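Notes to accompany the following structure.
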Amino acid sequence: MGRMTLITGGERRRRWSQEQRARVLAAIEEPGAVVAEVARAADVCTSLVYRWRREARAAATTNDVCGFAPVVVEAPMAALPAPSSTTNSESGVIVVDVRDARVRITADAPAAVIAATLKALRL
């Protein structure tokens, strides 16, 4: 027989703190985690976990707060081989590699275009 939670008192719904929600959302992001198993362990309905995740993602995309991105330095700058297609016109170009996309932004591009491009890559 399954487990049952009895809620007594005037309030018929359970309240979850932000810390509890964050713990559950962190657990479902672990490699190999199954949402149904994590929800069952936390005694939360699976649909509620999906709702929390959807709300967290929506809040993250509407948040215009600047953040930091991790930087990985693979080799010293002097040790990097020069690209074969580099010409003088390539100086002043920012190259951004994201997943399966590569974007080149020239130094003379308008700030609004650069901001819109980087914001689109964030999604």
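Residue by residue, the stretch 35-47 carries 3J(HN,Hα) couplings of 4, 4, 5, 5, 5, 5, 5, 8, 6, 10, 5, 4, 5 Hz when phi is fed to the Karplus relation 6.51 cos²θ - 1.76 cosθ + 1.60 (θ = phi - 60°); x denotes Gly or Pro.
The Val113 and Arg14 beta-carbon pair, evaluated with R₀ = 30 Å, returns a calculated FRET efficiency of approximately 0.05.
Readers should treat all values here as calculations from the given coordinates under stated rules, not as data from a laboratory. All values derive from a computational prediction rather than experimental measurement. Neighbour counts run over all protein chains shown; Cβ positions are idealised from the backbone, glycine included.
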